[in-house]
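Enquirer: Would you mind keeping the following structure in view while I ask a few things?
The values are calculated or read from the model by the stated rules, or taken from the named source; none is laboratory data. Quick caveat: nothing in here was measured; it's all calculated off a predicted structure. Positions of Cβ are generated from backbone atoms using ideal geometry, with glycine treated the same way; all protein chains shown enter the neighbour counts. Side chains are part of the model used for accessible areas, which takes the heavy atoms of the whole protein and leaves out ligands, DNA and RNA. Shrake-Rupley method; radii C 1.70, N 1.55, O 1.52, S 1.80 Å.
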Amino acid sequence: MSASLLFSPYTLPSPNGGLALANRIVIAPMCQYASVGGLANDWHLAHWTNLLNSGAALLTIEATAVTEDGRITNGCLGLWDDATHAALEQHLHRARALAPHMPVCIQLGHAGRKASSAKPWDGGHLLGLDDAGWVTMGPSALPHLPTERAPQAMSVQDIADVQQAFVSAAVRAQAIGFEAIELHAAHGYLLHQFLSPLANQRDDAYGGDFEGRTRMVREVFDAVRAVFKGSLGVRISATDWVDGGWSVEETTRLSALLKAAGCDFVHLSSAGVSPLQKIAIGPGYQLPFAKAVKDATGMSTMGVGLITEPQLAEEALQRGDADLIAIARALLFNPRWPWAAAAQLGGQVVGKTCYLRSQPLHARHIFSNQGGGQR
């Protein structure tokens with residue numbers, strides 16, 4: 001069997017000399033909707049400990065709100081004050097102590113007009129102001145759904161305040177010890193809303209043409225880059241899947257600008273800003289977006305989206321579609337997905353010796369540099 005690219009090392013760029021990854025498997029951010037008041041709790045401790053023992057190379061913590069009103073739901077994680085900072089730090093440090101070393105990234109975001117939503121299992125609809133909901137804001141006073149109340153159009157001061165909230169959260173993330181930050185400019189949340197002409201109909205410096213609609217993302221990135229010394233990237237919805245919406249070509253242009261500004265990686269997803277989207281969904285359906293950006297810019301790219309089989313991930317890397325493969329729901333279903341992939345592809349993963357006996361006899365070769373176990 002030829003050497004597996006999925007289990008080859010990779011170094012993400014960063015201002016401090018690069019972030020070494022043991023393989024090419026990234027755990028994509030997945031909202032848990034398990035917080036109260038934005039605080040991390042024992043659910044996150046158990047969840048993160050499980051994923052940190054998965055054998056992947058990088059764990060990305062779920063979308064974490066930079067302001068209280070920027071949460072998607074009232075169950076979303078936050079990093080906006082001393083209390084949310086302390087809870088996240090305590091539980092993450094405890095989880096990291098129970099697993100082999102794995103770098104950790106946090107996704108920082110603001111939901112914009114998609115904030116104040118019910119949890120997915122409660123319908124995901126916009127909550128009324130008389131039903132535990134709160135006032136939302138966006139680039140323009142345009143609702144996500146025609147039946148929903150419109151957000152407040154953000155003033156220039158509102159924009160400055162949100163930018164500062166991203167900076168403050170990034171400073172806290174660095175103090176906690178995160179090795180990487182991913183800014184969330186995808187899935188119809190605030191930064192994506194500024195990018196898309198479907199949500200942004202401003203007539204000032206933050207709207208209109210490509211330069212205006214990308215200004216918010218570029219300014220947030222520049223401000224965070226100035227304070228964060230680890231690897232810094234952006235998750236982008238490469239297309240709205242709607243005629244007249246944000247496009248792959250614009251994504252490539254923005255990625256080139258971000259690279260010039262010091263962006264270390266881009267994570268290419270799609271959709272989320274319009275109910276009119278028509279997604280051509282299938283295994284690996286978003287990989288062409290990662291390849292387009294990688295080919296045009298040479299940036300480190302993460303491919304994601306219905307990559308559930310190890311062979312599909314390996315083939316994507318062999319084709320040069322992306323540098324890293326982000327796995328989400330497949331890892332929720334099977335938190336040892338990287339172990340199974342290593343057994344299939346002839347790779348190795350780092351694991352605690354406590355788990356060594358769990359392997360099938362024919363897969364004993366998959367563990368390397370095992371973490372110590374207790375007597």
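Enquirer: Compute the distance from the alpha-carbon center of region 274-340 to that of region 156-200, in whole Å.
Expert: Cα centroid to Cα centroid, the span is 23 Å.
Enquirer: Where does helix 287-297 land angle-wise versus the long Cα axis of the chain, in degrees 0 to 90, nearest 10?
Expert: Taking the Cα atoms of the chain, the angle to 287-297 is about 80 degrees.
Enquirer: Let me ask something else about it. What is the percent carbon and sulfur in the accessible area of the chain, measuring with a 1.4 Å probe over the protein chains and ignoring ligands? Before the final figure, lay out each step's value.
Expert: Details: 8030 of 14850 Å².
Here carbon and sulfur together make up 54 percent of the probe-accessible area.
Enquirer: At 7 Å along Cα-to-Cβ for each site, give me the label-to-label distance between A97 and Q311 in nm.
Expert: Each label point lies 7 Å from its Cα, and together they span 4.4 nm.
Enquirer: Mind pulling the angle between the C-alpha long axis of helix 82-96 and the longest principal axis of the chain? Nearest 10 degrees, somewhere in 0 to 90.
Expert: That works out to roughly 20 degrees.
Enquirer: Go through region 18-29 residue by residue and turn each phi into a ³J(HN,Hα) via Karplus (6.51, -1.76, 1.60, θ = phi - 60°); whole Hz please, and just put x for glycine and proline.
Expert: Karplus-based 3J(HN,Hα) across region 18-29 equals x, 10, 6, 10, 6, 8, 9, 9, 10, 7, 6, x Hz.
Enquirer: For region 113-169, take N as its residue count and report Rg(C-alpha) divided by 2.2 N^0.38 Å. Spell out each step's value before the answer.
Expert: On the way: Rg = 12.7 Å, N = 57, 2.2 N^0.38 = 10.2 Å.
For region 113-169, the normalised Cα radius of gyration is 1.24.
Enquirer: Could you give the angle, 0 to 90 degrees to the nearest 10, between helix 42-52's Cα long axis and the longest principal axis of the Cα atoms of the chain?
Expert: That works out to roughly 50 degrees.
Enquirer: When the dipole is taken about the Cα centre of region 12-130, and only Lys, Arg (+1) and Asp, Glu (-1) are charged at their Cβ, what size is it in debye, to the nearest 20?
Expert: 440 debye
Enquirer: Please list the three semi-axes, largest first and in whole Å, of the ellipsoid equivalent to region 1-149, using sqrt of 5 times the eigenvalues of its alpha carbon gyration tensor.
Expert: Values: eigenvalues 216, 64, 41 Å².
In descending order, the three semi-axes are 33, 18, 14 Å.
Enquirer: Which entries in the list K259/K352; K294/K352; K229/K294 go over 25 Å, if you measure between the two C-alpha atoms of each? If you can, show how the numbers build up before the last one.
Expert: On the way: K259/K352 37 Å; K294/K352 35 Å; K229/K294 23 Å.
Cα-Cα > 25 Å for K259/K352; K294/K352; rest within.
Enquirer: Further question on the same structure: What residues qualify as long-range amide H neighbours of L198, i.e. H under 5 Å apart, gap of 5 or more or another chain, H built at 1.01 Å from N?
Expert: W246
Enquirer: Now for a separate question. So what J values fall out for region 301-316 if you push phi through Karplus, 6.51 cos²θ - 1.76 cosθ + 1.60 with θ = phi - 60°, rounded to Hz, Gly and Pro as x?
Expert: Karplus-based 3J(HN,Hα) across region 301-316 equals 10, 10, x, 8, x, 6, 9, 10, 10, x, 5, 5, 4, 4, 5, 4 Hz.
Enquirer: List the residues whose amide H sits under 5 Å from the amide H of V350, counting only those 5 or more places along or on another chain, with H placed 1.01 Å from N in the peptide plane.
Expert: S368
Enquirer: Please list the three semi-axes, largest first and in whole Å, of the ellipsoid equivalent to region 218-336, using sqrt of 5 times the eigenvalues of its alpha carbon gyration tensor. Present the calculation step by step, with values, prior to reporting the outcome.
Expert: Working: eigenvalues 106, 70, 39 Å².
Each semi-axis is the square root of five times an eigenvalue, giving 23, 19, 14 Å.
Enquirer: Roll a 1.4 Å probe over the protein heavy atoms and report the accessible area of H101 in Å², nearest 10.
Expert: The value for H101 is about 140 Å².
Enquirer: If you put +1 on each Lys and Arg Cβ and -1 on each Asp and Glu Cβ, how big is the dipole of region 125-202 around its Cα centre, in Debye rounded to 20? Don't skip to the answer; put the middle values down first.
Expert: Working: 3 positive and 7 negative charges, 36 e Å.
I would put it at about 180 debye.
Enquirer: In deg cm²/dmol and to the nearest 500, what is the mean residue ellipticity at 222 nm of the chain if only DSSP H runs of at least 4 residues count, each as -39500 (n - 2.57), divided by the residue total? Intermediate results must be reported in sequence, preceding the final value.
Expert: Values: 10 runs with 117 residues, N = 375.
When only DSSP H runs of four or more count, the value is -9500 deg cm²/dmol.
Enquirer: About the Cα centre of the chain, how large is the charge dipole given +1 on each Lys and Arg Cβ and -1 on each Asp and Glu Cβ? Please answer in debye to the nearest 20.
Expert: Values: 28 positive and 32 negative charges, 268 e Å.
For the chain, the charge dipole is close to 1280 debye.
Enquirer: Within 10 Å of each candidate Cβ there may be at most 13 other Cβ atoms; applying that plus a DSSP loop requirement, which trypsin sites (Lys or Arg not before Pro) in region 218-290 survive? Display every interim value, and only then the final one.
Expert: On the way: sites: R218, R225, K229, R235, R253, K259, K278; in loops: K229, K278.
Counting only loop positions with at most 13 other Cβ atoms within 10 Å, the trypsin sites (Lys or Arg not before Pro) in region 218-290 are K229, K278.
Enquirer: Place +1 on the Cβ of every Lys and Arg and -1 on the Cβ of every Asp and Glu in the chain, take the dipole about the Cα centre, and give the residue among A199, G230, W121 whose Cα lies farthest towards its positive end.
Expert: Comparing the listed Cα positions along the dipole, G230 ranks first.
Enquirer: In terms of Cα to Cα distance under 24 Å, which lysines are near enough to K119, apart from those fewer than 8 places away along the same chain?
Expert: K278
Enquirer: Taking springs between alpha-carbon atoms closer than 10 angstrom, which of G123, G320, G17 fluctuates most in the Gaussian network model of the chain?
Expert: Among G123, G320, G17, the largest mean-square fluctuation in the Gaussian network model of the chain belongs to G123.
Enquirer: Taking the chain as a Gaussian network, Cα atoms linked when under 10 Å apart, which of A46, A57, A186 shows the biggest mean-square fluctuation?
Expert: Largest GNM mean-square fluctuation: A46.
Enquirer: Right, another one. With a ≥ b ≥ c taken as the square roots of the eigenvalues of the C-alpha gyration tensor of the chain, please select rounded if a/c is under 1.5 and otherwise prolate if a/b is larger than b/c or oblate if it is not?
Expert: Working: a/c = 1.76, a/b = 1.43, b/c = 1.23.
Because a/c hits 1.5 or more and a/b exceeds b/c, the chain counts as prolate.
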